[in-house]
Amino acid sequence: MSPYTERMEKWTQKHEAPDPLEGPVVATVVGGTILWFVLFLAQLPFYGWFADRGHTWWVWTPLAGAGLGLIGIWYVRGRDAALKRHAARAEAKDTAGAEAADSALGGDPAGRTSRSDRTA
């Protein structure tokens, strides 16, 4: 084993990582994008001051952040829709599986008993 690997083993985690937190991702990205755009608009009146000092990148950085945020909004909305589609398919599959199991056992999927079951 190399000395580098031995040093890194000391800092490597020995337990599993926790599951990622799922929160209002779309709202968070939309809020961040709006914030970047507001920062751009707030600095725009001072463009001359920034230009005199060679700091025009301060004006354009928030605009780039807002542009990247628009791409992020498109991405997270698609991701959120895909997660919801996947959850709906999994639920439909579970429901269909439960109904198939009930019908294979001779039961009614609605949970009703047939007339012959009641008379026996």
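Taken together, Ala64, Ala51 contain a single residue that is more than 28 Å from the chain's Cα centre (by Cα) and modelled with pLDDT of 95 or more, which is Ala51. Remark: pairs (first residue in segment 61-81, under 15 Å from Gly23 (Cα atoms) and in contact (Cβ under 8 Å) with a residue 12 or more places away in the chain; second residue open to solvent by 60 Å² or more (accessible area, probe 1.4 Å) and of a type outside the set (A, V, I, L, M); Cβ separation under 9 Å; 6+ apart in sequence or on different chains) = Val76/Thr28. Just to be sure, is Leu70 at pLDDT 95 or above and not small (Gly, Ala, Ser)? Spelling it out, Leu70 is indeed at pLDDT 95 or above and not small (Gly, Ala, Ser).
Scanning segment 27-41 for residues that are under 12 Å from Leu63 (Cβ atoms) and of a type in the set (A, V, I, L, M, F, W, C), which turns out nearest to the chain's Cα centre (by Cα)? My answer is Trp36. The residue that is most open to solvent (accessible area, probe 1.4 Å), among those in segment 1-31 that are at pLDDT 80 or above and among the acidic types (Asp, Glu), is Glu16. Out of all the residues in segment 78-98, is one or more modelled with pLDDT under 75 and either open to solvent by 50 Å² or more (accessible area, probe 1.4 Å) or in contact with a Cys (Cβ under 8 Å, 6 or more places away or on another chain) (or both)? Within segment 78-98 (the criterion being modelled with pLDDT under 75 and either open to solvent by 50 Å² or more (accessible area, probe 1.4 Å) or in contact with a Cys (Cβ under 8 Å, 6 or more places away or on another chain) (or both)), the answer is yes, since at least one residue qualifies. The set of residues from segment 34-57 being surrounded by 16 or more Cβ atoms within 10 Å (Cβ to Cβ) and aromatic (Phe, Trp, Tyr) comprises Trp36, Phe37, Phe40, Phe50.
The values are calculated or read from the model by the stated rules, or taken from the named source; none is laboratory data. Keep in mind it's a predicted model, so treat the numbers as computed, not measured. Cβ: placed from backbone, ideal geometry, glycine included. Neighbour counts: every protein chain shown. Surface areas here come from the heavy atoms of the whole protein model, side chains and all, with no ligands, DNA or RNA. Shrake-Rupley method; radii C 1.70, N 1.55, O 1.52, S 1.80 Å.
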